[in-house]
Amino acid sequence: MQIENTFLKVSNLSKSYKADAPPVFEGIDFEIERGEFVCIIGHSGCGKTTILNVLAGLEEATSGDAIMLGKRIQGPGLERGVVFQGHALMPWMTVLQNVAFAVKSKYPDWSKEQISDHSKKYLAMVGLVNAETKKPSELSGGMKQRVGIARAFAIEPKMLLLDEPFGALDALTRGVIQDELLKICKETEQTVFMITHDVDEAILLSDKIMLMSNGPNARIAEIVVNTLPKGRKRANLHHDPMYYPMRNHLVDFLVNRSKDLQVKGANGELDGYKPVIVLPGVGSPVTQ
């Protein structure tokens with residue numbers, strides 16, 4: 001297996017919860033390079049969160065491999081940071097203490113001053129300098145999610161795993177945090193794997209968008225390369241001539257082709273299927 005030049009390689013990953021039931025997903029193959037921001041989109045029930053949990057080491061696949069930097073992922077590790085749909089903050093701790101707790105786990109030999117300074121650095125990145133002494137109950141939903149993001153970044157993971165972290169937020173708050181996330185990823189060259197149901201969010205944030213067919217028997221059907229230039233802004237994204245071809249392609253897949261592929265997968269017509277690489281509006285798809 002050629003893995004030495006690949007940051008993350010997932011090969012033939014499958015997951016079944018019952019022996020007599022069809023797999024939630026099967027034959028999952030993809031690679032992520034260092035510094036890439038990858039989004040995965042698909043209907044509920046296709047196994048997106050399960051794939052993320054496998055990458056986080058929180059769940060085991062039934063078969064297949066997930067290999068990061070040449071090592072098979074087995075159990076959680078501080079080289080992978082996770083931001084869940086809920087903020088998952090400890091309610092009895094302040095904002096600063098929540099972040100510092102994670103930093104201390106990563107750097108147990110650091111002094112209290114080092115841990116505090118490091119934690120404050122990442123709270124500043126998400127605009128929470130003035131909220132360090134507040135408890136989670138005193139924060140808005142958007143602020144809580146910012147703390148979760150700061151905590152994940154503060155342990156300086158090699159890969160950041162995001163499970164729809166902005167799904168419960170209002171549009172304005174979501175936009176502000178998206179901007180913060182883009183800024184931090186640019187500064188840190190962070191590698192990111194993110195689940196989203198929001199097509200526009202995927203276009204704004206990602207370098208590649210992986211599209212899953214419906215479950216059960218779900219697969220990654222297409223890997224869409226984001227051809228919009230870097231430095232994308234929410235305010236003018238829709239003015240780019242490549243925006244609508246890409247958005248239309250993603251929506252068309254979710255509405256129509258994801259269902260067709262589910263039927264083919266259930267009938268065993270997709271054995272050996274590899275994801276198709278797509279450059280919307282640029283040229284014809286090319287089989288990987």
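The values are calculated or read from the model by the stated rules, or taken from the named source; none is laboratory data. Computed from a predicted structure; not experimentally measured. In this analysis, Cβ positions are derived from the backbone assuming ideal geometry, glycine residues included, and neighbour counts consider all displayed protein chains.
Tabulated values for the structure
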item	result
Residues satisfying the stated conditions in segment 71-91, i.e. within 17 Å of F7 (Cα to Cα) and more than 18 Å from the chain's Cα centre (by Cα)	K71, R72, Q74
Per-region count, segment 116-135, residues part of a helix (DSSP H, G or I), farther than 18 Å from I149 by Cβ and either in contact (Cβ under 8 Å) with a residue 12 or more places away in the chain or in contact with a Lys or Arg (Cβ under 6 Å, 6 or more places away or on another chain) (or both)	1
Breaking point among (1) surrounded by 22 or more Cβ atoms within 10 Å (Cβ to Cβ); (2) outside any strand (DSSP E or B), for G175	(1)
Pair list, Cβ under 8 Å, 6 or more apart: segment 215-236 residue at pLDDT 85 or above, other residue surrounded by 21 or more Cβ atoms within 10 Å (Cβ to Cβ) and acidic (D, E)	N217/E26; A218/E26; R219/E26
Residues of segment 153-165 classified as at pLDDT below 90 and under 24 Å from I41 (Cα atoms), total	3
Qualifying positions in segment 62-74 - among the β-branched types (V, I, T) and in a loop (DSSP other than H, G, I, E, B)	T62, I73
In segment 216-227, residue farthest from V192 (Cα to Cα) [restricted to those that are under 19 Å from the mean Cα position of the chain (by Cα) and of a type outside the set (V, I, T)]	A218
Test result for G148, in a loop (DSSP other than H, G, I, E, B), closer than 20 Å to V82 by Cα and out of contact with any helix residue (DSSP H, G or I) (no Cβ under 6 Å at 6 or more places or on another chain)	no
Filtered residue count, segment 12-49, keeping only those that are surrounded by fewer than 22 Cβ atoms within 10 Å (Cβ to Cβ), in a strand (DSSP E or B) and over 18 Å from the mean Cα position of the chain (by Cα)	2
Any hit, segment 206-220, residues being of a type outside the set (K, R), out of contact with any strand residue (DSSP E or B) (no Cβ under 7 Å at 6 or more places or on another chain) and surrounded by 21 or more Cβ atoms within 10 Å (Cβ to Cβ)	yes
Residue in segment 194-202 that is at pLDDT 90 or above, of a type outside the set (D, E, K, R), buried (at least 17 other Cβ atoms within 10 Å of the Cβ) and in a loop (DSSP other than H, G, I, E, B) present	yes
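Per-residue answers, yes or no, for (1) touching a residue at least 24 places away in the same chain (Cβ under 8 Å); (2) among the small types (G, A, S); (3) touching a strand residue (DSSP E or B) at 6+ places or on another chain (Cβ under 7 Å); (4) not in a strand (DSSP E or B):
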{"residue": "I51", "(1), (2), (3), (4)": "yes, no, yes, yes"}
{"residue": "E60", "(1), (2), (3), (4)": "no, no, no, yes"}
{"residue": "P76", "(1), (2), (3), (4)": "no, no, no, yes"}
{"residue": "V82", "(1), (2), (3), (4)": "yes, no, yes, no"}
{"residue": "Q85", "(1), (2), (3), (4)": "yes, no, yes, yes"}
{"residue": "V99", "(1), (2), (3), (4)": "yes, no, no, yes"}
